[in-house]
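The values are calculated or read from the model by the stated rules, or taken from the named source; none is laboratory data. These numbers were taken from a predicted model, which means no experiment stands behind them. When we count neighbours, we look across all protein chains shown, and the Cβ atoms used for this are built from the backbone with ideal geometry, even at glycine. Heavy atoms of the whole protein, side chains included, go into the accessibility calculation; ligands, DNA and RNA do not. Shrake-Rupley method; radii C 1.70, N 1.55, O 1.52, S 1.80 Å.
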Amino acid sequence: MSTYNPYEEAKKQLKKAINVLNYPDRDSVYARLSVPERILEVAIPVKMDDGTIKVFKGFRSQHNSARGPYKGGIRYHPQVTKEEVIALSMWMTWKCALADIPYGGGKGGVAVDPHQLSPRELEQLSRNYFRAIAPIVSPDIDIPAPDVYTDPQIMAWFFDEYSKYAGYNAFGVVTAKPLELFGSLGRIYSTGYGTAVAAREAAKVAGINLQGATVSIQGYGNAGYYAAKFLHEWGAKIVAVSDTKGTIINWNGLDPDKLHEWKTTKSAKRSVIDYPDAEQRLEGDTTAPLFLNVDILIPAALENQITGENADKVAAKVIAEAANGPTTVEADEILDKRGVIIAPDFQANAGGVIVSYFEWVQNRQGISWTEEEVKRRLEGKIVASFHAMYEAKQKYNVDWRTAAYIVAVDRVVKAMRLRGWL
Ligand code: GLU
């Protein structure tokens, strides 16, 4: 696992798609798309509560803008590196293109453990980071959003800092803002809802009826919970759920809302492992949901979980990936040969950025859509991208992820050609 390099992985996947697409100028296409158009590295000074100054390292990578302004989140994590941010910005280009929203890809990150900061230090870090990248963002140039360990409050500080810099209320410069600052209804569950819709479409292809279909979920954060909630609403049975402490199983079905409430409402952070309504508890086993004999598997935790070594043990007929990069290229090929239907990460977890786009559209028009409107449009986008991918799979006879790449890369390349960039 320590050898996993996201930038190398991203370039490998790009190369694979370009080879299948068989462009006459494939080396030129790869040369342009394997590097970001621009990357900014900034030093972020923060006056700590003890009076000393600490300087954190931050990045914003702008991978490609052929189809519109750069779009993508900002993560706060001690392991953030320039290479990781570049890889993630490339993935955003494909995610936005496959979802067919008018954006390119971008991503930002700060190398910091936000849990070690006081609220005042966190606010200063956020404001100073955004002030540092302000010259290269705007509602028409680059529109950040949350990612790992960043949230709507941090988006509110970003928005405020940028508005002071620009001299007007720039609501469109950042998305997933709090509702009081014109965030969009539905943004909170958008990723999980999108994954549930992707799983539903994949299940149709597999000939699985959602009524009574069994589902296992690895990871029960925001995306895992909401994917479970909507699949449960549509009649599926959530039979296994894991978090960092272990896995619980109940073949009669778990109630996603009760489990979420139980996990989050008490003062101490609780694990699913102690949830009362479990038939079986596997303490310390965080991968058990991957190998159960279920209809649908939702990996919603970390990258690099289903690999060449363990793909043979995966028994699910459908995999819809809420996490980023849970399945390796080797595993994809093994699963595809066995006929497993996969809605890959940047197809199945695009709900967040799709509703970010809706928020930006609403902000720019000064209107608010109803929750039903947001959900309906989001569903339409996920269904359309799933079927575009499915068509490419049949046309090029490739695995699911490669098919998704083919659709996305080809859309970007076509835009670049029309603009005269290639
Ligand atoms: N960070 C999320 C993603 O990776 C959301 C990005 C956005 O809303 O712009 O898709």
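Kindly provide the set of residues from the range 37-64 that are buried (at least 22 other Cβ atoms within 10 Å of the Cβ) and under 15 Å from Lys107 (Cα atoms), ordered by number. Correct list: Gly58, Phe59, Arg60, Ser61, Gln62, His63, Asn64. When restricted to residues that are among the acidic types (Asp, Glu) and either closer than 21 Å to Gly207 by Cα or crowded, with 24+ Cβ neighbours inside 10 Å (or both), the range 346-383 contains 2. With respect to the stated conditions, Thr327 is open to solvent by less than 10 Å² (accessible area, probe 1.4 Å) and of a type in the set (S, T, N, Q). Considering (1) acidic (Asp, Glu); (2) open to solvent by 10 Å² or more (accessible area, probe 1.4 Å); (3) at pLDDT 95 or above, the lone condition that Glu333 does not fulfil carries the number (3). Taken as a whole, the condition of being out of contact with any Ser or Thr (no Cβ under 7 Å at 6 or more places or on another chain), within 16 Å of the ligand (Cβ to nearest atom) and open to solvent by less than 30 Å² (accessible area, probe 1.4 Å) applies to Val110. Residue check: Ala331 meets all listed conditions (1) under 22 Å from Phe386 (Cα atoms); (2) in contact with a helix residue (DSSP H, G or I) (Cβ under 7 Å, 6 or more places away or on another chain); (3) within 16 Å of the ligand (Cβ to nearest atom) but one, namely (3). In the range 154-173, what residues are part of a helix (DSSP H, G or I) and either within 16 Å of the ligand (Cβ to nearest atom) or on the phi > 0 side of the Ramachandran plot (or both)? Selection gives Ile154, Met155, Ala156, Phe158, Phe159, Tyr162, Phe171, Gly172, Val173.
Within the range 60-90, if we keep just the residues that are in contact with an Asp or Glu (Cβ under 9 Å, 6 or more places away or on another chain) and part of a helix (DSSP H, G or I), the residue that is nearest to the ligand (Cβ to nearest atom) turns out to be Leu88. Only residues that are touching a strand residue (DSSP E or B) at 6+ places or on another chain (Cβ under 9 Å) and within 12 Å of the ligand (Cβ to nearest atom) were counted in the range 91-103, giving 8. Cβ-Cβ contacts under 6 Å between residues 6 or more apart (or on different chains), taken from a first residue in the range 107-134 that is within 11 Å of Val46 (Cα to Cα) to a second residue that is among the acidic types (Asp, Glu) and assigned to a helix (DSSP H, G or I), are listed as Arg127/Glu161.
Residue under question is Asn128, and the condition is that it be more than 21 Å from Phe346 (Cβ to Cβ) and more than 14 Å from the ligand (Cβ to nearest atom); does it hold? Yes.
Residues checked against (1) among the aromatic types (Phe, Trp, Tyr); (2) touching a residue at least 40 places away in the same chain (Cβ under 8 Å); (3) within 16 Å of the ligand (Cβ to nearest atom):
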residue: Thr265; (1), (2), (3): no, no, no
residue: Arg270; (1), (2), (3): no, no, no
residue: Asp285; (1), (2), (3): no, yes, no
residue: Leu302; (1), (2), (3): no, yes, yes
residue: Ala315; (1), (2), (3): no, no, no
residue: Thr327; (1), (2), (3): no, yes, no
residue: Ile342; (1), (2), (3): no, yes, no
residue: Ala348; (1), (2), (3): no, yes, yes
residue: Ser356; (1), (2), (3): no, yes, yes
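Being free of Cβ contacts under 8 Å to residues at least 60 places away in the same chain and either buried (at least 24 other Cβ atoms within 10 Å of the Cβ) or closer than 24 Å to Thr191 by Cα (or both) is a property that does not hold for Gly72. Of a type in the set (S, T, N, Q), in contact with a strand residue (DSSP E or B) (Cβ under 9 Å, 6 or more places away or on another chain) and in a strand (DSSP E or B), is that true of Ser126? In short, no.
With respect to Ile367, is the statement that it is more than 16 Å from the ligand (Cβ to nearest atom), without any contact (Cβ under 8 Å) to a residue 40 or more places away in the chain and β-branched (Val, Ile, Thr) true? In short, yes.
Taken together, the criteria place Trp234 among residues that are without any contact (Cβ under 8 Å) to a residue 60 or more places away in the chain, more than 28 Å from Trp360 (Cα to Cα) and not acidic (Asp, Glu). Just one of the numbered conditions (1) touching a strand residue (DSSP E or B) at 6+ places or on another chain (Cβ under 8 Å); (2) open to solvent by less than 20 Å² (accessible area, probe 1.4 Å); (3) more than 16 Å from the ligand (Cβ to nearest atom); (4) closer than 30 Å to Ala145 by Cα is not true of Phe230: (1).
If Val398 satisfies every condition in (1) open to solvent by less than 60 Å² (accessible area, probe 1.4 Å); (2) assigned to a helix (DSSP H, G or I) but one, which is the exception? The number of the failed condition is (2).
All told, Ile133 meets the bar of being of a type in the set (Val, Ile, Thr), away from the ligand (no atom under 13 Å from the Cβ) and either more than 22 Å from the chain's Cα centre (by Cα) or not in a loop (DSSP other than H, G, I, E, B) (or both). Exactly one residue among Pro144, Pro119, Pro139 is within 23 Å of Glu180 (Cα to Cα) and within 12 Å of the ligand (Cβ to nearest atom), and that residue is Pro144.
Take the conditions surrounded by fewer than 24 Cβ atoms within 10 Å (Cβ to Cβ), within 14 Å of the ligand (Cβ to nearest atom), small (Gly, Ala, Ser) and modelled with pLDDT of 95 or more and apply them to Gly221. Does it pass? The answer is no for Gly221.
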